[in-house]
Amino acid sequence: MTRIIAGAARGIRLDVPGAGTRPTSDRVRESVFGALESMDAIDSARVLDLYAGSGALGLEAWSRGAASVELVERSRPAAMVAGRNATAVAKALGGATASKVHQSAVRAFLARASAGYDLVFTDPPYDLDDAAMTSDLVALSPLLSADAVVVIERARRSTAPDLDAAGLALLRHKEYGDTAVWWAEPV
């Protein structure tokens, strides 16, 4: 079961798409959000969740005080699940309307998105190759606010993301079982 861990929508159960996604575990989300809260990166942030799946990362940030959240998911069934989850969280937030689900490939979305994201989650499929990951980060970089934080989740066995190519600097790196997480900021 995936649920919202903290904030105004705490305890809301989130649906998870049937196939093709890998939800971030509660343990990893708790650690990621603990670090983000210590950086004061969530409150009033404009959040972007790439490869959103159920939308759990972006919706968790929204529950914890982010100003808005955009969820980007290529799979139509998964985008529909993310939309239902966003509606459930919005209801818990008193009918807030600051969420949007984009059924789109990440690169296509980034090519047309407007700048100003303060917090970005990128949790691609573990089999996304390094060149595609780097291209995503390079396309994302001009869309970031000056104080943005980017959270990248990959398999522990994956190569570290090429942050230099994207104009990002490493803030923190941590491993949790088979999962590795990098926090980065614009240079």
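The values are calculated or read from the model by the stated rules, or taken from the named source; none is laboratory data. These numbers were taken from a predicted model, which means no experiment stands behind them. Ideal geometry is used to build each Cβ from the backbone, glycine not excepted, and the neighbour counts take in all protein chains shown.
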TODO: Test Arg29 against the stated conditions and say whether it is out of contact with any Pro (no Cβ under 6 Å at 6 or more places or on another chain), crowded, with 19+ Cβ neighbours inside 10 Å, more than 19 Å from Ala113 (Cβ to Cβ) and not aromatic (Phe, Trp, Tyr).
DONE: yes
Open item on the list: Could you tell me how many of the residues in segment 151-162 are in contact with a helix residue (DSSP H, G or I) (Cβ under 7 Å, 6 or more places away or on another chain), surrounded by 19 or more Cβ atoms within 10 Å (Cβ to Cβ) and over 13 Å from Leu119 (Cα atoms)?
Closed with: 1
- [ ] Tell me, please, whether a residue that is of a type outside the set (Val, Ile, Thr), surrounded by 22 or more Cβ atoms within 10 Å (Cβ to Cβ), part of a strand (DSSP E or B) and out of contact with any Leu (no Cβ under 7 Å at 6 or more places or on another chain) can be found in segment 51-58.
- [x] no
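Against the condition surrounded by fewer than 24 Cβ atoms within 10 Å (Cβ to Cβ), of a type in the set (A, V, I, L, M) and at pLDDT 95 or above, how does Leu71 come out, does it pass? Step through it out loud before you land on a result.
On the way: surrounded by fewer than 24 Cβ atoms within 10 Å (Cβ to Cβ): no; of a type in the set (A, V, I, L, M): yes; at pLDDT 95 or above: yes.
Judged against the criteria, Leu71 is not a match.
On the basis of being of a type in the set (S, T, N, Q) and in contact (Cβ under 8 Å) with a residue 40 or more places away in the chain, does Ser114 make the cut?
Criteria not met by Ser114.
How many of the residues in segment 123-150 are charged (D, E, K, R), surrounded by 14 or more Cβ atoms within 10 Å (Cβ to Cβ) and part of a loop (DSSP other than H, G, I, E, B)? Please lay out each step first, then the result.
As a first pass, look at segment 123-150 and keep what is charged (D, E, K, R): 123, 127, 129-130, 136, 147.
Those still in the list that are surrounded by 14 or more Cβ atoms within 10 Å (Cβ to Cβ) too: 123, 136.
Checking which are part of a loop (DSSP other than H, G, I, E, B) leaves us with 123.
Looking only at that region, the number is 1.
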- [ ] Could you list all residues from segment 84-93 that are free of Cβ contacts under 8 Å to residues at least 24 places away in the same chain and small (Gly, Ala, Ser)?
- [x] Ala90
Task: Residue that is surrounded by the most Cβ atoms within 10 Å (Cβ to Cβ), among those in segment 32-50 that are small (Gly, Ala, Ser) and on the phi < 0 side of the Ramachandran plot - done: Ala45
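Out of everything in segment 124-150 that is β-branched (Val, Ile, Thr) and in contact with a helix residue (DSSP H, G or I) (Cβ under 6 Å, 6 or more places away or on another chain), what residue ends up being farthest from Ala45 (Cα to Cα)? Give the derivation first.
From segment 124-150, those β-branched (Val, Ile, Thr) are 134, 138, 149-150; that's our starting set.
In the following step, the residues that additionally are in contact with a helix residue (DSSP H, G or I) (Cβ under 6 Å, 6 or more places away or on another chain) were identified as 134, 138.
Details: Thr134: 24, Val138: 21 Å.
Top of the filtered list is Thr134.
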Task: Residue among Ala41, Ala9, Ala66 that alone is under 23 Å from Asp118 (Cβ atoms), in contact (Cβ under 8 Å) with a residue 40 or more places away in the chain and either in contact with a Phe, Trp or Tyr (Cβ under 8 Å, 6 or more places away or on another chain) or part of a helix (DSSP H, G or I) (or both) - done: Ala9
TODO: State whether the residues of segment 24-33 include one that is assigned to a loop (DSSP other than H, G, I, E, B) and touching a Ser or Thr at 6+ places or on another chain (Cβ under 7 Å).
DONE: no
Open item on the list: Can you tell me which residue is surrounded by the fewest Cβ atoms within 10 Å (Cβ to Cβ) among those in segment 74-83 that are touching a strand residue (DSSP E or B) at 6+ places or on another chain (Cβ under 9 Å) and outside any loop (DSSP other than H, G, I, E, B)?
Closed with: Arg76
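With the condition kept exactly as written, say whether any residue in segment 94-104 is assigned to a loop (DSSP other than H, G, I, E, B) and at pLDDT 95 or above. Give the steps one after another, and end with the answer.
Kept after step one, since they are assigned to a loop (DSSP other than H, G, I, E, B), are these residues of segment 94-104: 94-98, 104.
So of that shortlist, the ones also at pLDDT 95 or above come out as 104.
The answer is yes; a qualifying residue exists.
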